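*Asks:* Below you'll find the structure I mean.
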Amino acid sequence: MRNSARPVRVFVLLALTGAAQSGCAGGPFSSNPNPFSMQPGSQAVRTPASPGFAQQRDLQQRAAALDADNQQLHALLAQQQQLNSQMQAALQQSQRELADARSQPGETGGSVARRGVSARSVSQGAASHGGALPIARIQGADVVQDGDLVRIRLESAQLFGPGRAELKPEVSATLDRIAQALKSEYSGRLVGIEGHTDSDPITKSKWKNNHELSVARSVAVFEALKRRGVPESQLYVSGYGPNHPLAASNSKQSKSQNRRVEIVVYP
């Protein structure tokens, strides 16, 4: 019995070995050891884009747009600060001149101050009425007295297109006459350039609100007058948006009056 069992074991061992080899060649027991390997004729499966990727891309685009807006606002703010510094310097110079005049012997402070204003008005060819400024006649502009001030008013439609801050070419002649008046009739006076709008919210413009638009329009007029020889130290800009309307109603005519730039001359 022992001798006959050995051939049987050898036969079984050979049978199992053959079955294992046939299985590796693609038999019923064959298996791919790497389930992710590519087989002939198979196709790669594309992973769909994550929803968070599109959202991140939108956020990056919005951030880039906000950066551009911030740069523009910083530029306007820097220009406004520069003009404010120049206005402060002009006021300090006027205060020093007034202090020097008051310190002269034989004159009281009040009489010297009044005499100085009167003398300057006469030197500009205007009659003195308690220091009041002369009312220059400027073709294409509305010049009005406002207490001790003189306001040179220009409607925005005359200067700019709707929602824009670029001066129209046809207003150049009027700006020439205004600049000439500032250099002759109002030489050395402090001049404010005020931008005003109506109360309608901005919908089709690169400006976010009426205050930004009013400042940009004031800066445009400031640059135009400076190019025409008006000293930069004499000028400053401000934008009031809809805060100081001329007309209170919401009619079309009233809104047109409220949209304006005023060049204000101080005594």
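*Asks:* Near the amide H of V150, under 5 Å away, which other amide H atoms are found, from residues 5 or more places off or on another chain, if H is placed in the peptide plane?
*Replies:* V265
*Asks:* Order the following by accessible area, largest value first: D69, D198, D148. Probe radius 1.4 Å; ligands, DNA and RNA are ignored.
*Replies:* D148, D69, D198
*Asks:* Would you list R177, R189 from the most to the least accessible area, probe 1.4 Å?
*Replies:* Sorted descending by solvent-accessible area, the residues read R177, R189.
*Asks:* What length, rounded to one decimal in nm, is gained on full extension from E232 through to H244, with 0.36 nm per residue of separation minus their alpha-carbon distance? List each step's numbers first, then the result.
*Replies:* Working: separation 12, 0.36 × 12 = 4.32 nm, distance 2.54 nm.
Separation in residues times 0.36 nm, less the Cα-Cα distance, equals 1.8 nm.
The values are calculated or read from the model by the stated rules, or taken from the named source; none is laboratory data. Keep in mind it's a predicted model, so treat the numbers as computed, not measured. When the accessible area is computed, the model is the full protein with side chains, heavy atoms only, and any ligands, DNA or RNA have been set aside. Shrake-Rupley method; radii C 1.70, N 1.55, O 1.52, S 1.80 Å.
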